[in-house]
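What follows is a set of notes on a single structure, which appears directly below.
Since every read-out is calculated from the coordinates, none of them should be taken as a lab result. What you see is a predicted model, and the numbers here were worked out from it, not measured in a lab. Reconstructed Cβ throughout: ideal geometry from the backbone, glycine too, with neighbour counts over all protein chains shown.
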Amino acid sequence: MRTPHVTLNNGVKIPQLGFGVFQIPPDETKDAVLQAFEVGYRHIDTAQSYRNERGVGEALAESGLDRADVFVTSKLNNAAHAPQAARDAFDRTLDQLGTEYVDLFLIHWPLAMLSDYVETWRALEDVYASGRAKAIGVSNFQRAHLRRLLDETTVVPAVNQIEVHPYLTQTGLRALAFEHGIAVEAWSPLGQGAVLGDETIARIAHAHDRTPAQVILRWHLQHGHVVFPKSVTRARVEENFDVFGFELTAEDLTDIDGLNRDERTGPDPDTFDRMP
Ligand code: NAD
């Protein structure tokens, strides 16, 4: 079955549900991605810092799927923010993936205290102009970071990939993105598992005869987020893909919105300064 798409601000279509490969060891990535393809996923989210782009590329080649039928995202390594370093790093991504282009390339973290992300963005604009990234975007950008790009650069990011789940709903940041036509991609959509045991989620899951993970993913999809849950366990990979046969009610959505605790599972972008 085909997943619904979100149309990005430059017309590129992205499958709303994908497969994330963060923390999948490089030597297990090819098999995990092949399994995801078998289940039906056609959107893979990787990054230079995950060190598993090669495995994604090998799966792509071995699957026999048409390149045009798979959406691949990668992200710039934090150590490569300087404009020439960013352009060179992008070349290495294509080399690792063994493809002529990526569908989406992101600045992984703003690193505002260490580098000038506006200059880095201009390097990504060059890559975009070359046609080797069909769309470009950012990740972990806060409101102030987005505003600077909107004020000082030409290409509006196609996406902002941020931590979002029922315990961290990011209402203001999501609203700013949507207001400017920037799609919201929710990383750690299940809160890395932290939200799965929530009582409200369990009640709603019971009412729909679905699992907590399916209810949380449905909440994301109905809010218009792009998601890419991660699992290497086949049953979970299938469960996470089987989210199009039911719908949450408006009341369910409101109840889940109300779970927000502004609780991060990952680093705070305003203080994160790691250069792996
Ligand atoms: P996630 O919310 O997808 O949770 C993954 C965890 O939940 C794993 O431990 C997995 O075993 C478990 N899980 C998955 N499906 C389940 C199910 N159906 N039932 C029970 N448990 C289940 O968290 P994540 O992996 O951190 O995020 C997903 C993707 O987001 C990553 O793979 C990566 O692509 C992306 N990401 C991006 C950034 C960024 O800075 N841009 C940061 C983190 C993650």
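Things worth noting here:
- The Kirkwood radius of the range 93-142, taken over pairs of alpha-carbon atoms, gives through the Stokes-Einstein law at 37 °C and 0.692 mPa s a diffusion coefficient of 286 µm² s⁻¹.
- Residues within the reach of a label modelled at residue 242 (point 7 angstrom out along Cα to beta-carbon, backbone nitrogen below 15 Å), restricted to the range 16-50, are 39-41.
- Full-stretch length increase - residue 91, residue 200 - with 0.36 nm per residue and alpha-carbon distance subtracted: 34.6 nm
- Other residues whose C-beta falls under 15 angstrom from the C-beta of residue 98 contribute a net charge of -3, scoring Lys and Arg +1 and Asp and Glu -1.
- Three principal axis lengths of the chain [C-alpha, angstrom, descending]: 53, 42, 33
- The residues neighbouring residue 35, those whose beta-carbon lies less than 14 Å from its own, together hold a net charge of -2 under the Lys/Arg +1, Asp/Glu -1 convention.
- The label point for residue 34 and the one for residue 119, both projected 7 Å from the Cα toward the Cβ, are 4.4 nm apart.
- In order along the range 34-45, the phi-based Karplus estimate (6.51 cos²θ - 1.76 cosθ + 1.60, θ = phi - 60°) of 3J(HN,Hα) comes to 4, 4, 4, 4, 4, 5, x, 4, 10, 9, 10, 10 Hz; Gly and Pro are listed as x.
- Taking 0.36 nm per residue of separation and subtracting the Cα-Cα distance, full extension of the segment from residue 66 to residue 126 would add 19.0 nm.
- Counting charges near residue 209 (Lys, Arg +1; Asp, Glu -1) among other residues having Cβ under 15 Å from its Cβ returns a value of -1.
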